[in-house]
Amino acid sequence: MEPEESVPLQKLAGRITIYSITGCLHCLRTKSFLTRMGLPFVEVNVKDNPEIHQQIINLTARLTVPQIFFNNIHVGGNDFMNLSPEDLADLIELVRNNPVPPDAPPIPQPVKAEEKEPFEELKSKRDEYADLILEFKKSGVIGNHWSCLKMQQNSFTGKKLVNWLMEIKNLEKDAAVEMAKDLTARKFLSPLSGKGFENSDALYRLVEHESTASLNTGATAEYNTLSASKHSEAMRDLTLQLFSEHITPDGKLVDYKSMMKNPIFDKYCELATQLQRLNIEGLSREEKLAFFINVYNALVIHGTIKQGPPKNMWQRYKFFNVVSYMIGGEVFSLQDIENGVLRGNRKGIAQMSKPFSKGDPRLKIALEEAEPLIHFALNCGVLSCPPIKTYSAEEIDKQLKISAAAFLDSSDGCHVDVSKKEVRVSQLFKWYKADFGGTDEKLLSWLLEHLGDSPKKAALKELLDHGEIKIATLPYDWSTNSTE
C-alpha cells in the first residue's frame, strides 16, 4: 500500500521514530513513504548514536535498519510498508491521539555544534613542497622520453630535475640532490627506470601523472593528512551525503549524473586527491580494514558517477579491474583492494592469478590473512550487496560482526527451512567459500556463530542437531540503483 502523492503533514500528539543510517536505500524508501502519507517523523542516525543503537538492538533483536516505532510500538523495518491498510490506520490513530509515553525508544538530545568541513579537520598543513611542485609542472622540464623501447609520457630525468632545483632554488648540487630525494620520499615523485639524481638519466614521473586511469590523479596532493582512517571515514561520509541527496522521490533509484554537479562532489574529489601521497605502510590490521573498506565503497560510487554503472558482466569485470585510486604512490583498483589487500592476496572471481606478485610493493600492504567479514561491508553498487556504512578503526571488529549479523538476518543473506532441511545463502558464500572454511560443514558452523540471536539462528541450530543439511544459494540481483 503506497499513496500516490505527498499530502500536508499531519499534527501528531505522539511520535514516529525511524532509526537509520545515512545513504541506506531501505531507510530512504521508508522516509519517502511516510512523507507521502503526510506523517512527520524523527530520524535517529545510529552511526552517530552508537549507545542508542545498542538500546534499539536490545529492544528489537534486529541489527538491520531502518527500525520504526509509533510511540512505543515497534512496527518493524522496511517491511512496515507492507502493513495492511487497517493496521496502518490503527497505528496512525495511535500517534495522532496519544502523546509519547515514558517507555518510548530513546532519541538523542539536540546539541548545537559548530559545523566544520570534513576535509578541513583532516588537513594538518600544506606541504612545504606543494608550491615547488606546482611551479615544476609549469617549468617545461616534464616531457616524453624513451626507455626500454617504450615512450614514457610526462616524465623527466633525475639530472634535469636537479639542474632545475639548482637554478630555481639557488642550491648547490648536493643540496639539490637531497631535495630531490626528499620529494621522492614524500611521494611527490615516482621512479620509472634506473635510480639516482646526480648526473643521472634515470627517469621519474610525478605521482599525480603516474596513472591516467586513476580517478584521483591529475592534480597535486598539496596537503599532509593527519589520519588514514579518519580520512577514509570523511570520504565515505561525503559519498553517503551525496547518495542521500540524489535519491528519487520513491527512494528506489539514484541519479549519479546529477551528483557530479553537486558542490559536495568537488569537496569529495579534493579529499580523494590527497590519497596520492598518503602513508599507509604503517597501518595496523584494524586501520587497514577500516581504511580500505571505506575507500572501496567510496570508489565504487566515484566510478559510477564518472563512468556510469556497468550494465553487463563484461562491463562489470572491466569496472572492477580498471576503476582505481592512486594511494601512497601505488595504484589500487577495486579488485586490488578486495582481493589483494582485504582477502590477503587471494584470487578473486574470474582471476587467473593473485592480484599482487612477489615483487609487488603493494603486497606489504595486504592483510596477513583473509578477513571473511569484509564481504558484508563491501558494497559493489548492486541491489543484493550489503548496505553501505562507514567504518572506524577503533570499532572495526565489532562493526563488521554487526554488519555480518545484519546481512544474515536480511532476506538477501540467509534462509533456513527446517521442514526441507535446507539452508539457502547468498551467492557470496559460494564465490568466496574458501574464506568461510572451504567446506559445507565449516560454512554452517560459521553461519551459526555469526547469526544474531533470532528464530533463524534457533532453526539452524535445530537442523545442525539433527543430521544432514542441504545448502543452496539465493538469487543474486545484479540490478544497479542508477536512474540510467
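Mind grabbing the base-10 log of I(q)/I(0) for the chain at q = 0.09, 0.13 Å⁻¹? Debye formula, identical points on the C-alpha positions, no solvent, two decimal places.
-0.71, -1.27
In nm, give the distance between the simple-model label positions of Asn312 and Gln55, each being 7 Å from the Cα along the Cα-to-Cβ direction.
In this crude spin-label approximation the distance works out to 5.4 nm.
Mind checking the angle between helix 228-245 and the chain's longest principal axis? C-alpha axes, 0 to 90 degrees, to the nearest 10.
50
Can you list residues from other chains, or at least 5 along the same chain, whose modelled amide H is less than 5 Å from the amide H of Thr473?
Val425
Using amide H atoms built in the peptide plane, which far-off residues or other-chain residues are under 5 Å from Gln67 H to H?
Placed amide hydrogens put Tyr19 under 5 Å from Gln67.
I need to check one value: relative contact order of region 223-400, counting alpha carbon pairs closer than 8 Å and at least 6 residues apart, in percent.
Taking the mean separation of contacting Cα pairs over the length of region 223-400, I get 24 percent.
When only DSSP loop residues count, what trypsin sites (Lys or Arg not before Pro) in region 153-216 have their Cβ near at most 15 other Cβ atoms within 10 Å?
Passing both the DSSP loop test and the Cβ count: Lys195.
Which whole-number percentage describes the relative contact order of region 385-484, with Cα contacts under 8 Å and a sequence gap of 6 or more?
Over region 385-484, the number comes to 33 percent.
So what are the ³J(HN,Hα) numbers for region 413-421, from phi and the Karplus equation (6.51, -1.76, 1.60; θ = phi - 60°), rounded to whole Hz, Gly and Pro as x?
x, 7, 10, 10, 10, 5, 4, 8, 6
Express in nm, to one decimal, how much length is gained between Asp360 and Lys257 on full extension, taking 0.36 nm for each residue of separation and deducting their alpha carbon distance.
Length gained, Asp360 through Lys257: 33.5 nm.
Provide the gained length on full extension for the span Glu395 to Asp90, in nm with one decimal, where the gain is 0.36 nm per separating residue minus the Cα-Cα distance.
Contour length minus Cα-Cα distance gives 105.8 nm.
What list do you get for Tyr223, Tyr325 if you sort them by fewest beta carbons within 10 Å?
Starting with the residue having the fewest Cβ neighbours, the order is Tyr223, Tyr325.
Calculated from DSSP H runs of 4 or more alone, at -39500 (n - 2.57) each and per residue, what is the 222 nm mean residue ellipticity of the chain, nearest 500?
-11000 deg cm²/dmol
Which ³J(HN,Hα) values in Hz, rounded to whole numbers, follow from the phi angles of region 87-103 under the Karplus curve 6.51 cos²θ - 1.76 cosθ + 1.60, where θ = phi - 60° and Gly and Pro get x?
5, 5, 4, 5, 5, 4, 4, 4, 7, 6, 10, 10, x, 5, x, x, 8
Between Leu464 and Tyr129, what FRET efficiency comes out of the Förster formula 1/(1 + (r/R0)^6) with R0 = 60 Å and r the beta carbon distance, rounded to 0.05?
That pair, Tyr129 with Leu464, gives E of 0.50.
Apply the Karplus curve 6.51 cos²θ - 1.76 cosθ + 1.60, θ = phi - 60°, to the phi angles in region 435-440 and return the couplings in whole Hz, x for Gly and Pro.
6, 10, x, x, 10, 4
Among the GluC sites (Glu not before Pro) within region 266-341, which fall in a DSSP loop and have no more than 12 other Cβ atoms within 10 Å of their own Cβ?
The qualifying sites are Glu281.
How high is the relative contact order of the chain, in percent, with contacts defined as C-alpha pairs under 8 Å that are six or more residues apart?
RCO, the chain: 13 percent.
How far is helix 158-169 tilted off the main Cα axis of the chain, in degrees rounded to 10, range 0 to 90?
Relative to the chain, helix 158-169 is tipped by roughly 90 degrees.
The numbers here are math on the coordinates, done by the rules we state, and not lab data. These figures come from a predicted structure and were not determined experimentally. For neighbour counting, all protein chains shown are included, and Cβ atoms are generated from backbone atoms with ideal geometry for every residue, glycine included.
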